[in-house]
């Protein structure tokens with residue numbers, strides 16, 4: 001089994017509704033996002049997935065989040081923009097792209113020391 005990952009970042013603000021602590025106030029992060037793909041088979045060049053293709057799609061996708069107030073986005077109107085929900089949102093939306101390998105997980109860091117990972121349960 002092979003696993004490859006691509007990592008990038010974007011800047012955005014958010015606040016947590018109903019939270020008792022500093023995060024109830026509007027604040028921002030430089031969020032880091034890592035996408036990981038898994039698969040058994042490599043293509044004729046020996047690649048599981050082309051890093052350049054993943055980076056291109058990820059950059060385009062993150063444009064909707066970059067320098068935004070996440071609470072104002074439709075997905076987060078009734079859902080707190082926690083790191084956990086952000087990881088699932090990115091996974092769900094990004095997994096719609098037809099890549100030759102399976103998107104296995106998305107990890108989102110809100111700081112150098114705090115992250116959340118979403119991966120689907122495999123049946």
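The values are calculated or read from the model by the stated rules, or taken from the named source; none is laboratory data. Here the structure is a predicted model, which is why all the values come from computation and not from measurement. Cβ placement follows ideal geometry from the backbone for every residue including glycine, while neighbour counts extend to all protein chains displayed.
Residue-level check: of (1) within 18 Å of residue 59 (Cβ to Cβ); (2) in contact with a helix residue (DSSP H, G or I) (Cβ under 7 Å, 6 or more places away or on another chain); (3) crowded, with 17+ Cβ neighbours inside 10 Å, residue 118 misses just (1).
Looking across region 101-110 at every residue that is out of contact with any helix residue (DSSP H, G or I) (no Cβ under 7 Å at 6 or more places or on another chain) and either more than 20 Å from residue 28 (Cβ to Cβ) or modelled with pLDDT under 95 (or both), the one that is surrounded by the most Cβ atoms within 10 Å (Cβ to Cβ) is identified as 101.
Candidates are the residues of region 55-78 that are in contact with a helix residue (DSSP H, G or I) (Cβ under 9 Å, 6 or more places away or on another chain) and within 16 Å of residue 99 (Cα to Cα); the one that is surrounded by the most Cβ atoms within 10 Å (Cβ to Cβ) is 58. Filtered by the rule that a residue be farther than 14 Å from residue 81 by Cβ and touching a residue at least 60 places away in the same chain (Cβ under 8 Å), region 3-26 gives 3, 4. Total residues in region 73-100 satisfying the condition of being in contact with a strand residue (DSSP E or B) (Cβ under 9 Å, 6 or more places away or on another chain), at pLDDT below 95 and more than 19 Å from residue 63 (Cα to Cα): the figure is 2.
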